[in-house]
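The values are calculated or read from the model by the stated rules, or taken from the named source; none is laboratory data. Since we're looking at a predicted model, the values are computed, not measured. Cβ sites come from the backbone with ideal geometry, for glycine too, and all protein chains shown count toward neighbours. Ligands, DNA and RNA are excluded from the accessible area calculation, which covers all protein heavy atoms including side chains. Shrake-Rupley method; radii C 1.70, N 1.55, O 1.52, S 1.80 Å.
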Amino acid sequence: MVKVVVSEPKTGMAYQLEVEESREDRLRGIDIGDTFEGETLGLPGFKLKVTGGTDQDGFPMRFDLKGPTRSRVLLARGPGFRPSRNGERRRKLVRGNSVTRDIAQLNVKVVERGEKSIEEIVSSEPVEDSTS
């Protein structure tokens, strides 16, 4: 199960959605910076752009590292590293820019809005009661 954080720059709101396993395969193979139809996430009429994510172990995806694998890369700035001193560099383990089955969270932003707002679509979905 992949969690997708959808950010809407116009309103400044972010929504966390869980993608069903049947729709999960449609996300595989896209890279950071690619756009896709919101229908994949149950958001008809929306166009979304992938901005990043993390794998199941918490390692961040990096836009400039091609492919789906993890690599130890010398970094001077984020994502994946925040230098504490000017000019500091460190070798860190980060994930490539391709979405695979190892990705646990995917960050996307709205590029083109649909007829309804995301809040209307998300609130109209039935919520399971887990208190039984």
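How about segment 81-114: which of its residues are more than 12 Å from D55 (Cα to Cα) and under 19 Å from the mean Cα position of the chain (by Cα)? Hits for segment 81-114 are F81, V108, K109, V110, V111, E112, R113. Considering segment 24-56, the residues that are charged (D, E, K, R) and open to solvent by less than 20 Å² (accessible area, probe 1.4 Å) include one that is nearest to S71 (Cα to Cα), namely D55. If you scan segment 73-122, which residues turn out to be basic (K, R) and in a loop (DSSP other than H, G, I, E, B)? R77, R82, R85, R89, R101, R113, K116, listed by residue number. Across segment 16-72, what is the total count of residues that are in contact (Cβ under 8 Å) with a residue 40 or more places away in the chain, part of a strand (DSSP E or B) and farther than 22 Å from E115 by Cβ? Of the residues in that region, 8 qualify.
Quick check, is V122 closer than 20 Å to E18 by Cα and among the β-branched types (V, I, T)? Yes, satisfied.
When the test is whether a residue is at pLDDT below 90 and in contact with a Lys or Arg (Cβ under 6 Å, 6 or more places away or on another chain), T51 does not pass it. Test G114 against the stated conditions and say whether it is at pLDDT below 90, touching a strand residue (DSSP E or B) at 6+ places or on another chain (Cβ under 6 Å) and under 30 Å from K10 (Cβ atoms). No, not satisfied. All of (1) within 17 Å of L106 (Cα to Cα); (2) touching a strand residue (DSSP E or B) at 6+ places or on another chain (Cβ under 7 Å); (3) hydroxyl-bearing (S, T, Y) hold for S71 with one exception: (1). Here R77 fulfils each of the conditions (1) touching a helix residue (DSSP H, G or I) at 6+ places or on another chain (Cβ under 7 Å); (2) modelled with pLDDT under 90 apart from (1). Answer with yes or no whether K3 is in contact with a strand residue (DSSP E or B) (Cβ under 7 Å, 6 or more places away or on another chain), assigned to a strand (DSSP E or B) and open to solvent by 80 Å² or more (accessible area, probe 1.4 Å). So K3 fits the description; yes.
Anything in segment 1-46 that is hydrophobic (A, V, I, L, M, F, W, C) and in contact with a Gly (Cβ under 8 Å, 6 or more places away or on another chain)? List them, or say none. Once the filter is applied, which keeps residues that are hydrophobic (A, V, I, L, M, F, W, C) and in contact with a Gly (Cβ under 8 Å, 6 or more places away or on another chain), segment 1-46 yields L17, I32, L43, F46. Of E8, E88, all but one fail to be in contact with a strand residue (DSSP E or B) (Cβ under 9 Å, 6 or more places away or on another chain), open to solvent by less than 50 Å² (accessible area, probe 1.4 Å), touching a residue at least 12 places away in the same chain (Cβ under 8 Å) and acidic (D, E); the exception is E8. Taking the condition over 17 Å from I103 (Cα atoms) and open to solvent by 40 Å² or more (accessible area, probe 1.4 Å), does R70 pass? Taking the combined requirement at face value, the residue does not satisfy it.
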